[in-house]
Amino acid sequence: MAEWVDVCALDELDPEDVMRFDHGGRVYAVYRSENGTPYATDGLCTHEHVCLADGLVLGEEIECPKHNGRFNIRTGAALRAPVSVPLATYPARISAGRIEILI
Amino acid sequence: MVAIPDPQLRDYSLTGRDTIRAKETGLANAEWYHTEVPRKVMKELMKRRDGPAIRDTLIWFALLGGSAWGGIAFWGTWWAVPFWFVYGVMYGSVCDSRWHECGHGTAFRTQWMNDVIYHIASFMVVRNPVSWRWSHARHHTDTIIVGRDPEIACMRPPRLFRLLMSYAGVLDMIDSIRTLLRNAAGRLSAGEKDYIPESEWGKAILAARVHVAIYAMTAAAAAGMFAGGMGWASTIPLLLIGGPRIYGCWHMLMTGLIQHCGLAENVIDHRLNSRTVYMNPISRWIYWNMNYHVEHHMFPMVPYHALPKLHEVVKHDMPPANPSIWDAYREAIPAVLRQARDPGYSFRKPLPPTAQPYKEVPTRG
Ligand code: FES
């Protein structure tokens, strides 16, 4: 059963940035887009399982640090080779000044 | 009787003995060494901009157009020679760095601009735009890992004649055209099938067919001009399209061959297998700062225009850069010659006291 899990205080993650979040033996990537909206996806690239939190957020996209593959952080869609498999996404919200994700 | 393979001999194919060995020893897909850079600094360095690449592309197109005009306008006189010299380098060498940076998608902030220049440059450098995207991704995953990296320029023992001849561009061009024709005929090699996902095979074949069609039209134009009695002037279409990849590629090879030659194979620290070389500003413009090659491999997200800054940030953790192209060759040539006798040899640069030790053994996750 999915539940809302606390990730961090809002000011620990800048807009247009990403951080790694480990929970229950899994790695997630938690983002804030340019306008500050939070998003969450699986934390490892679907190409060669590199940690996406070392990558670059550009608007609503995350660029993987290894081969510059890109995903949409809202939908998880694979946008740029060499990634071709989409990322799983999770609901994210801001609650009482903290970022939470539903996993 | 079972033949025991000579450990000095390497199998550079992507489906052979060394491929199995790389997978078994954890060298394939390994966790590579990275210099620690604070996230805030790295974010600043990774920032994408359109300005520098638009400026450089406008200069590039102007030089291509201007030199082509001069070459044709002064045809038949010695004045044409410097124009064709410039055109050759602009086409046959600049295309490589533009292909490379736009392939990474870092040159421009706007993606369609990266894609347009990537396709133009892929055609000029005679590389299949689809297959090379994947081969280059593998080159970054498994840099100079024997049996995994499809882009190893200096194999061991070195084929010295071939390396020397590569400066003339002919052998490389023959190989590239062969690959193009094979792809256009609908065939991919075992290596290509290994690193290109099956869903992309059709696209690779289509791209090869488009390239072959353009070359066929160029050859037809030259033949038509010749038949029309234009004599030597009928070579102009070939000097404009395709030919510069032979007569103008020397700068691409001069800078490209020192990226990794003479350095280590089968290591997981780019400081051991890549070379950073200080160069004059013209070469750096042609090469789009890929002379900061250790930095590029360690942090492929950093665009070319930010590499000099990245170099300053990480240089305490790097072996000293070669002060010139000449110095890099003085290091690489004796190492390659020695590899002809002793394929296990590689040149190892000492690290400054401020650097972390080299990471040589894969850590199993
Ligand atoms: S590991 Fe992410 S694009 Fe290759």
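Only the coordinates and a few stated rules stand behind these numbers; no lab work does. Model, not experiment: these values are computed from the prediction. Counting neighbours? That spans all protein chains shown, and the Cβs are built from the backbone with ideal geometry, glycine included.
Observations on the structure shown:
- Inter-chain Cβ neighbour average for residues B:39-46, partner chain, 10 Å: 3
- Dipole of segment A:1-42 computed with +1 at Lys/Arg Cβ and -1 at Asp/Glu Cβ about the Cα centre; of A:THR37, A:MET19, A:ALA2, farthest Cα towards the positive end is A:ALA2.
- With R₀ set to 60 Å, the beta-carbon distance separating B:TRP112 from B:PHE226 gives a calculated FRET efficiency near 0.95.
- Within a Gaussian network of chain B (alpha carbon springs, distance under 10 Å), most fluctuating of B:ARG156, B:ARG39, B:ARG109: B:ARG39
- Taking all Cα pairs closer than 8 Å and separated by 6 or more residues, the relative contact order of chain B comes to 24 percent.
- Between B:MET217, B:MET318, B:MET46, the residue with the greatest mean-square fluctuation in the GNM of chain B (Cα pairs under 10 Å linked by springs) is B:MET217.
- Listed by chain and number, the lysines placed with their C-alpha closer than 18 angstrom to that of A:LYS66 are B:LYS43, B:LYS47; residues fewer than eight positions away on the same chain are left out.
- Inter-centroid distance (Cα atoms) of segment B:191-205 relative to segment A:47-103, Å: 25 Å
- Cα-based radius of gyration for chain A, normalised by 2.2 N^0.38 Å, reads 0.97.
- Pairs over the 29 Å Cα-Cα cut-off, from the set B:LYS193/B:LYS315; B:LYS309/B:LYS349; B:LYS23/B:LYS349; B:LYS309/B:LYS359: B:LYS193/B:LYS315.
- Equivalent ellipsoid semi-axes - Cα gyration tensor, segment A:12-61, angstrom: 18, 12, 8
- A Cβ-based charge dipole, computed about the Cα centre of segment B:31-341 with Lys and Arg at +1 and Asp and Glu at -1, lands at about 140 debye.
- Counting every pair of alpha carbons in segment B:215-344, the share spaced more than 17 Å apart comes to 66 percent.
- Working note: Debye formula, equal point scatterers on the alpha-carbon atoms of the protein assembly as shown, no solvent; log10 I(q)/I(0) at q = 0.06, 0.09, 0.14 Å⁻¹ is -0.29, -0.66, -1.46.
- With the cut-off at under 17 Å, measuring from each backbone N in segment B:302-336 to a point 7 Å along the Cα-to-Cβ line of B:ARG55 picks out B:303-310.
- Dimensionless Rg ratio for chain B, taking C-alpha atoms and the 2.2 N^0.38 Å reference: 1.03
- The relative contact order of segment B:115-204, computed from alpha carbon pairs under 8 Å that lie at least 6 residues apart in sequence, is 35 percent.
- Its residue count N sets the reference 2.2 N^0.38 Å, and the alpha-carbon radius of gyration of segment B:148-189 equals 1.35 times that reference.
- Filtered chymotrypsin sites (Phe, Trp or Tyr not before Pro), segment B:8-78: DSSP coil and at most 13 other beta carbons within 10 Å: B:TRP78
- B:VAL81/B:ARG330 FRET efficiency (R0 35 Å; Cβ-Cβ; nearest 0.05): 0.70
- When only Cα pairs below 8 angstrom with a gap of at least 6 residues are kept, chain A shows a relative contact order of 28 percent.
- Taking 0.36 nm per residue of sequence separation and removing the Cα-Cα distance, the B:LEU63/B:ALA190 pair yields an extension gain of 41.7 nm.
- Note on chain B: dipole from Cβ charges, positive end direction compared against B:VAL170, B:ILE117, B:PHE347; the farthest Cα belongs to B:ILE117.
- Stretchable slack from B:GLU198 to B:ARG159, in nm (0.36 nm times residue separation minus alpha-carbon distance): 10.8 nm
- Helical content of the protein assembly as shown, expressed as a calculated mean residue ellipticity at 222 nm, amounts to -13000 deg cm²/dmol (DSSP H runs of 4 or more residues, -39,500 (n - 2.57) each, divided by residue number, nearest 500).
- Placing one equal scatterer on every Cα of segment B:76-202 and applying the Debye formula, the log10 ratio I(q)/I(0) at q = 0.16 Å⁻¹ is -0.96.
- Counting all C-alpha pairs of segment B:1-152, share separated by more than 24 Å (%): 55 percent
- Förster radius 25 Å - calculated FRET efficiency between A:ASP14 and A:HIS49 (Cβ-Cβ, nearest 0.05): 0.45
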